[in-house]
Amino acid sequence: MTPTELAALHEAHASDPHAFWLEQARRLDWERVPERSGDTSFDRSDFHIRWYEDGSLNLSANCLDRHLPERANDTALVFEPDEPGAGRSVTYAELHDLTCRLANLLKERGVAKGDRVMIYMPMVPEAAAAMLACARIGAVHSVVFGGFSPESLAGRIDDCGARVVVTADEGVRGGKRIPLKANVDAACDLSGAIDTIIVVTRTGGEVTMREGRDLRWEDHCERLSSDCPAEPMAAEDPLFILYTSGSTGKPKGVVHTTGGYAVWVATTFEWVFDPRPGDLYWCTADIGWITGHSYTLYGPLMTGTPTVMFDGVPTYPDASRLWETIDRLGVTILYTAPTAIRALMREGDEPVRKHRRDSLRLLGTVGEPINPEAWRWYHDVVGDGRRAIVDTWWQTETGGVLMTPLPGATSMKPGSATRPLPGIEPLLVDAEGREIRGNDVSGNLCLRGSWPGQMRTVWGDPQRFIDTYFATYPGLYFTGDGCRRDEDGDYWITGRVDDVINVSGHRIGTAEVESALVAHPLVAEAAVVGAPHDLKGQGIHAFVTLNAGEEGGEHIVRELHAEVRKHIGALAIPERIQFARGLPKTRSGKIMRRILRKIAEGQLDQLGDTSTLADPGVVDALVRDR
Ligand code: ATP
Ligand code: MG
């Protein structure tokens, strides 16, 4: 995008928002084209969020059927399994066929419009088809990441009242098998509501099948009709429920509806990634996360951009997996997370440099603030210093990207998500709810007004939705993130507001201190939290993971103090630096500071819900070494 084009979009929104939003909706095929745009009120007495209310459409038709006349035999997705090179491409016609058959099986099992369907699968083409099949018949999908335990799955099944689960026999990640079907069985023992389990074969591993409840996909696929008309859905009919990643507490069942979500995802996909003929786009996110919904699957499919479905991990079989795969497949756009970038940076430049990566033209990051050090490595080593990076800030709740630099139009700054997209109005507020104007200021990040991709409610608990997001600052959506607007007006996410540390009255963002620590060449990753301090109110406790093969010690501690002094100032020097083999992370790879805070405070009996942790063993080690 050029600066002029971007300015024109901002101008179009400012002068006539209604026309602007209807214009964005034209990207899609509507059954009934909407004449209304947004109708929202955040007033407690009359709370509602509606977009394109008079329109109807089907998202699966927008992902599949719309491509059939012109490019039925083009690649819709490229399946890249754990085993490098053992994948295959799937065309729009094939994905359409698979989706229709699966939709017909769901119908046979009594699934109707509005019913919830659980998807607990590896990143195989059938998982994409399962989501599209639900969208096709108007069932509400709820994807649960295949790394979650039976208890977590059962909790989500109960919360949304699903009767059907689509799963696979086993998953394979990093060379290890994951007993998906056995986990579903265990979840059913805990929850009891499931009457149908559809099992796709991934490994052929042995599973128990219960007569009457469990169906092998392969036993039915052939006989099912490959024709299933797409159900016209009202724009405000729910499309999916997705539970947040649980970095800050019990996951919330975020509800997105059909029309607004589809418009926002298609629009942002085009603005941010600027897809072109010949692109092969690769977002490494699992469909268990919002990024996987919006930007591994729906965004690329709606816009006709071939998308890679990756069922592995960036470090398997070795640290060059991403770069080897990029060269082999000819990937042009890579979208991944800071956690992966830091993990790969730890292994040095050689695994990257030994691959050419000359097909790449654009890099993206999402999920956490990216430390400037990791940004530079991504830019200089992976991007050879010449590829743009889109640092996209958004949330499960926002449906799609809200802030990011746009290549060609916005200048990049390492670690900053820079500017809002057209139609998005961020503002910073202080603890009393007053807007903080001007530049070079920090505060709590809120959004004024609505956008089509905004979540509509928390499943089964509309009050929790209002209380969580609209009660702190009446009339505004509160993101929960702390943020700085720098002297140029660019935005920097400084961490969760709950994680902001107050040292002697100075508010210090976790992201800033962590970035200073990661700037040390031996540090792979860092997480900081506040712990009570007699004089300062709060002191900083830092957990630091060093590069492969390095040992922590007094001299490194001194050097780390120096880094913090240089980047922020002496007041942010940690009281305590604890070296750690690993940090507690959610299964999407985000650091869980909530648990680290309890460890730093010594409240070991109050670690809270750890069920969303990727590796609970990490916590035991941290507690032992504290
Ligand atoms: P929960 O809401 O359950 O605590 P979560 O907030 O981690 O979990 P997500 O919706 O997956 O769930 O993550 C959104 C959050 O991730 C944002 O609020 C922000 O804190 C962080 N984030 C995402 N992208 C970026 C980015 N580019 N820069 C900075 N922070 C980001
Ligand atoms: Mg959140």
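So the check is Cβ under 8 Å with 6+ separation or different chains; which pairs have a first residue in the range 464-483 that's outside any helix (DSSP H, G or I) and of a type in the set (A, V, I, L, M, F, W, C) and a second one that's at pLDDT below 95 and surrounded by 22 or more Cβ atoms within 10 Å (Cβ to Cβ)?
Short answer, once both residue conditions are applied: Cys483/Thr494.
With Asp499, Asp481 as the choices, which residue is within 11 Å of ligand 1 (Cβ to nearest atom) and at pLDDT below 95?
Residue meeting the stated conditions: Asp499.
Is there any pair with a first residue in the range 70-83 that is under 14 Å from Ile326 (Cα atoms) and touching a residue at least 12 places away in the same chain (Cβ under 8 Å) and a second that is surrounded by 14 or more Cβ atoms within 10 Å (Cβ to Cβ) and polar (S, T, N, Q) whose Cβ atoms are under 9 Å apart and which are 6 or more apart or on different chains, and what are they?
Within 9 Å, the pairs are Val78/Ser89; Val78/Thr307; Phe79/Ser89; Glu80/Thr325.
Name the residue that is farthest from Thr40 (Cα to Cα), counting only residues in the range 426-461 that are of a type in the set (S, T, N, Q) and at pLDDT 95 or above.
Restricting to residues being of a type in the set (S, T, N, Q) and at pLDDT 95 or above, the top hit is Asn439.
Determine which single condition Val429 fails, assuming it passes every other condition in (1) closer than 30 Å to Pro17 by Cβ; (2) within 15 Å of ligand 1 (Cβ to nearest atom).
(2)
Of the residues that make up the range 39-53, is at least one of a type outside the set (S, T, N, Q), within 30 Å of Leu329 (Cβ to Cβ), in a loop (DSSP other than H, G, I, E, B) and open to solvent by less than 70 Å² (accessible area, probe 1.4 Å)?
Applying the first criterion (of a type outside the set (S, T, N, Q)) to the range 39-53 yields 39, 42-44, 46-53.
Those left that are additionally within 30 Å of Leu329 (Cβ to Cβ): none.
No, that holds for no residue.
Taking the options Ile573, Ile540, name whichever one is away from ligand 1 (no atom under 16 Å from the Cβ), more than 25 Å from Arg376 (Cα to Cα) and of a type in the set (Val, Ile, Thr).
Numbers: Ile573 fails: more than 25 Å from Arg376 (Cα to Cα).
Matching residue, one of Ile573, Ile540: Ile540.
Within the range 306-363, count every residue that is assigned to a loop (DSSP other than H, G, I, E, B), open to solvent by less than 30 Å² (accessible area, probe 1.4 Å) and of a type in the set (A, V, I, L, M, F, W, C).
Summing the residues that are assigned to a loop (DSSP other than H, G, I, E, B), open to solvent by less than 30 Å² (accessible area, probe 1.4 Å) and of a type in the set (A, V, I, L, M, F, W, C) in the range 306-363 gives 4.
Looking only at the range 508-540, filter to residues that are within 18 Å of Ala600 (Cβ to Cβ) and open to solvent by 30 Å² or more (accessible area, probe 1.4 Å); which one of those is nearest to the chain's Cα centre (by Cα)?
Residue satisfying both the conditions and the ranking: Glu512.
Only one residue in Ala235, Ala230 is open to solvent by 10 Å² or more (accessible area, probe 1.4 Å) and either touching an Asp or Glu at 6+ places or on another chain (Cβ under 6 Å) or of a type in the set (A, V, I, L, M) (or both), so which one is that?
The conditions single out Ala230.
Yes or no: the range 140-154 includes at least one residue that is under 24 Å from Asp65 (Cβ atoms), open to solvent by less than 10 Å² (accessible area, probe 1.4 Å) and of a type in the set (A, V, I, L, M, F, W, C).
Taking every residue of the range 140-154 in turn, at least one turns out to be under 24 Å from Asp65 (Cβ atoms), open to solvent by less than 10 Å² (accessible area, probe 1.4 Å) and of a type in the set (A, V, I, L, M, F, W, C).
Taking the stated definitions as given, is Pro34 open to solvent by less than 30 Å² (accessible area, probe 1.4 Å), farther than 21 Å from Ile287 by Cβ, assigned to a loop (DSSP other than H, G, I, E, B) and of a type outside the set (Phe, Trp, Tyr)?
Yes; evaluated as a whole, the condition is true for this residue.
Are any residues in the range 244-256 open to solvent by less than 10 Å² (accessible area, probe 1.4 Å) and more than 6 Å from ligand 1 (Cβ to nearest atom), and if so, which ones?
Gly253, Val254, Val255, His256
The values are calculated or read from the model by the stated rules, or taken from the named source; none is laboratory data. Small disclaimer: the values here were computed from a predicted structure and weren't measured. Ideal geometry is used to build each Cβ from the backbone, glycine not excepted, and the neighbour counts take in all protein chains shown. With ligands, DNA and RNA removed, areas are computed over all heavy atoms of the protein, side chains included. Shrake-Rupley method; radii C 1.70, N 1.55, O 1.52, S 1.80 Å.
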